[in-house]
Structures are given as C-alpha cells and as structure tokens.
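Structure, as structure tokens:
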Amino acid sequence: MKTQKKYNSPRDGKHKIDIEKIQELSEWLYANPDKRTSDCVAYFTKKYNKAQCVIYTLVGHARRMMQERVIEAEKKKTAIIIKESEKEVLKSILSRNEACEILSNIAKGKVRKVGEKIIIPTDNERTRAITVLSDVFGWNAPAKIAQTDTQGNDIIQPSIKLSDGTLFII
C-alpha cells in the first residue's frame, strides 16, 4: 500500500492536501504561464469536484512549488555557467610547461611571427631566457663552501663521537 504525503492547509490546519494534486497543478501552471489563476481554479474545480476555496489553496501551494522549481533550475544553470567560466579561465592561464616552452624557444633563438611582424630574439633576450630557465630548473644551485678562518684555513667542526662509533656534528 502506497502512502501519500499530505500538506496541512496554511489557513486552518485541518484540511489535508494531496501532494500529487499540487504537483499536477504546478505542472499545469508551468505549462500554461499565460493562464490566469481563475482559469486554473475553474478547470481544476470541475476536474476534482472540489470547492473553489480548496482549489485556491492548492493553487497557492502549486505556485510555491513552481517557484521552488524555477529557483532550483536557475541555481543549476548558474552553477553550469560558473563551471564553464572557470574552465575558460584555466585555459587562458599560461601553464608552467607552456612558459618553459616559450622561454626555451627564445633561448634557442627561434624566429616567430606575431601578426605581420617577424620577431627574432636578441642575444640579450636569449641570455635572459636562459637565466630564467636556470632559475626555474635549479641549474645554478649554490655550491657548498667550507667554513674558514681569517687566514683561509678550514675550521674544524665541533663533533662528538658516540659510543657506537657514529660521529655527531654539533
């Protein structure tokens, strides 16, 4: 046996209203946006054989249900638009690999055409591109330098030899 959900009437709380009837009214209102409330009431008063006041109550619930549907549809539409916009923005942002490829082409001195102009990287631009690439990839990592005193002699690091033979530098 299927149980039906029921809404309490907002006026007196005594009348039970069928959710299925409200959904049907909502769909009818959605399909016939040019119809007036009185047309809807006249149609459904005959169909359900109910009093007009009951149908007006149903129409009120149906309109709220329809508004919720429209709001929900607008939220979904907005979410899709935002997601598509985010995709477009991400496509327009230069990735690290693309930037490295451009720098590499400049460093190699490759000729490129921009509009009607032919651009040939200068030696200065090529050197700068190589410098940036070396920074990105860590080609110029700092060398380790031994600590020395004022005469240039190595400073012995203070250390402790542990009982197991391991040397521990302090």
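Report the rotationally averaged projected area of the chain based on its alpha-carbon convex hull, in square nanometres.
Numbers: hull surface 128.0 nm².
With the hull built on Cα positions only, its mean projection is 32.0 nm².
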Principal-axis tilt of helix 123-137 within the chain, Cα atoms, nearest 10 degrees: 70
Charge tally in the Cβ shell below 13 Å around V59, where Lys, Arg are +1 and Asp, Glu are -1, V59 excluded: +4
P(r) of the range 96-137 over all Cα-Cα pairs, binned every 5 Å from zero, in whole percent: 6, 26, 29, 22, 12, 4, 1
Packing-based order for 103-109, 150-156, using average beta carbon neighbours within 10 Å, highest first: 103-109, 150-156
Choice from S26, S38, S95 with maximal GNM fluctuation in the chain (Cα, 10 Å cutoff): S38
At 1.002 mPa s and 20 °C, Stokes diffusion of the range 6-92 via Kirkwood alpha-carbon radius, µm² per second: 144
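Using only DSSP helix segments of four residues or longer, with each worth -39500 (n - 2.57), what per-residue ellipticity at 222 nm results for the chain after dividing by its residue count and rounding to 500? Can you show the working numbers first?
Working: 5 runs with 94 residues, N = 170.
It lands at -19000 deg cm²/dmol.
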Angle in degrees between helix 52-92 and the longest Cα principal axis of the chain, rounded to the nearest 10: 20
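Here, each number is a calculation from the coordinates, and none is a lab measurement. Nothing here was measured: the structure is a model prediction, and the numbers come from that model. Methodologically, a virtual Cβ is constructed for each residue, glycine included, from the backbone with ideal geometry; neighbour enumeration extends over all protein chains shown.
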